[in-house]
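The structure appears right after this line, and notes come after that.
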Amino acid sequence: MSQPDLTRSLRAARPVAPDELRERVRLVAAQAAPPPRRLVTWRRALVVAVPVAAAAIAAGVLLTRPTRQAEQPLPNVPAVSHGSVAASGGVLANPALAPTIPQPSATRAQRYTASLDLRVPTVGAVSADSKRAVAIAASLGGYEQSVNVSTGKASGYADIRLRIPKTRVQEAVRRLAALGRIVSENVNVQDLQAGLNATARTIQALQRNLAALRAQTQTALVQRRILQLTARIQKLQRSEASTVREARYATVALTLATPPAQPAKQHRPGPLHGLGTAFRWIGIGLVYALAIGAPLAALAVLVWLAVCALRRRREDRLLSRP
């Protein structure tokens, strides 16, 4: 007998177990099989939920953290006062603390300007002191160049420009400074005498040329040049007179204003403020954990169930083979 024939004979003579024996083996295997394991346990849930919650809390803190700190208000630095003021009389209580400004020159033409920034206590004082400032200028032989007063319920402001004889500008500044508390002062002196001297020399030279032209034969060309020189001399004289008038008076710019509104006092946090903040951030972290971790946890559970189902199907398939 050949090898293939022997193989076929052995396969044909293979014993087959009866159905009763198969059923008994299946029952024995079912009784001996361990109870099905629970797919979701507390331990497995914690293994998945703890990393997800930690990642969600970290993401929530990073996303909700403020990008920059709130700007702290600058401290209110009080202005330096130059002395107590008796506003009713318009005279400083301590004359030694009066604003010091340079003495104008008595022999040279100067453009003299001074500015005072004063604080007054109330809105009514702004209007009253504005009138006093104009009266002070008039009493010293000056006048008001411009007056702008604006008052409201809580604040007031006045911008006044006065023209004071230069020889009495120191007295004017001293009396005006008594109207309120000095916040700032400024004095600017510009010499004009050099320009006046140059203009006077130019006028004298032109007048000599004009006298020489008038002594010549009055032709059309000579008369035209006389008219040109006369117009130029008159223009220079008007400019000179305007500069002299400007140098005779000093300009005093006065600003009156009520104190700025004080910033609201910031509420200091209590002793439990840090604990409340911690609970608030924990709540924010939990919200992010639920929003981000719940879908991830659900996906992990679905994957676990699918793996377990495949494993059980594979075991049933092995048991069902003959």
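Nothing in this text is a laboratory measurement; each read-out follows from the coordinates by a stated rule. For clarity, every value in this text was computed on a predicted model and none was experimentally measured. Glycine also receives a Cβ, built like all others from the backbone with ideal geometry; neighbour counts cover every protein chain displayed.
The figures follow:
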item: Neighbour-count order for Y157, Y112, Y249, fewest beta carbons within 10 angstrom listed first; result: Y157, Y249, Y112
item: FRET E, pair A261, S184, Förster distance 30 Å, beta-carbon r, rounded to 0.05; result: 0.95
item: Fewest-first ranking of R108, R163, R314, using other Cβ atoms within 10 Å as the exposure measure; result: R314, R108, R163
item: Chain lengthening between V25 and L318 when straightened (0.36 nm per residue, less Cα-Cα); result: 104.1 nm
item: FRET E, pair R232, Q193, Förster distance 25 Å, beta-carbon r, rounded to 0.05; result: 0.65
item: For segment 151-217, fraction of C-alpha pairs farther apart than 20 Å, in %; result: 61 percent
item: Net length gained if the chain between E144 and Q223 were fully extended (0.36 nm per residue, minus Cα distance); result: 23.8 nm
item: FRET efficiency, 1/(1 + (r/R0)^6) with R0 51 Å, evaluated for A128 and T277 via beta carbons; result: 0.50
